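The values are calculated or read from the model by the stated rules, or taken from the named source; none is laboratory data. Note that this is a predicted model, so its numbers are computed, not measured. Here the Cβ positions follow ideal geometry from the backbone for every residue, glycine too, while neighbour counts run over all protein chains shown. The area values use the complete protein model at the heavy-atom level, side chains included, leaving out ligands, DNA and RNA. Shrake-Rupley method; radii C 1.70, N 1.55, O 1.52, S 1.80 Å.
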Amino acid sequence: MLTLCWSLSAAIYGFMQRYMPTNRTIAWLRTPRGLKWAIPVALVATPSYLLAMVVSVTILPQLADSARR
């Protein structure tokens, strides 16, 4: 059973590392060519993430209220 769980988790990990866009971006940023882009990407991604979070916190309660009516 442990072998099955280990193999399944290794397969899922391999799939995620290969095909998920954020994992591919992070892997690229860790290469020598990607290091020069790491700071600009972080400077753009952080405010974008915060904006998405604020929009979500603002919109989701409104949608929940309209769904209750």
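Key figures for this structure:
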{"read-out": "Test: residue in the stretch 22-43 that is open to solvent by 100 Å² or more (accessible area, probe 1.4 Å) and within 14 Å of the chain's Cα centre (by Cα)", "value": "yes"}
{"read-out": "Residue list for the stretch 44-56, filter: of a type in the set (S, T, Y) and open to solvent by 60 Å² or more (accessible area, probe 1.4 Å)", "value": "T46, S48, Y49"}
{"read-out": "Tally, over the stretch 11-21, of residues that are more than 26 Å from T46 (Cβ to Cβ), open to solvent by less than 80 Å² (accessible area, probe 1.4 Å) and among the aliphatic types (A, V, I, L, M)", "value": "1"}
{"read-out": "Number of the condition not met by I59 [criteria: (1) at pLDDT 85 or above; (2) open to solvent by 80 Å² or more (accessible area, probe 1.4 Å); (3) more than 15 Å from the chain's Cα centre (by Cα)]", "value": "(2)"}
{"read-out": "Out of L4, L8, sole residue that is in a helix (DSSP H, G or I) and exposed (fewer than 10 other Cβ atoms within 10 Å of the Cβ)", "value": "L4"}
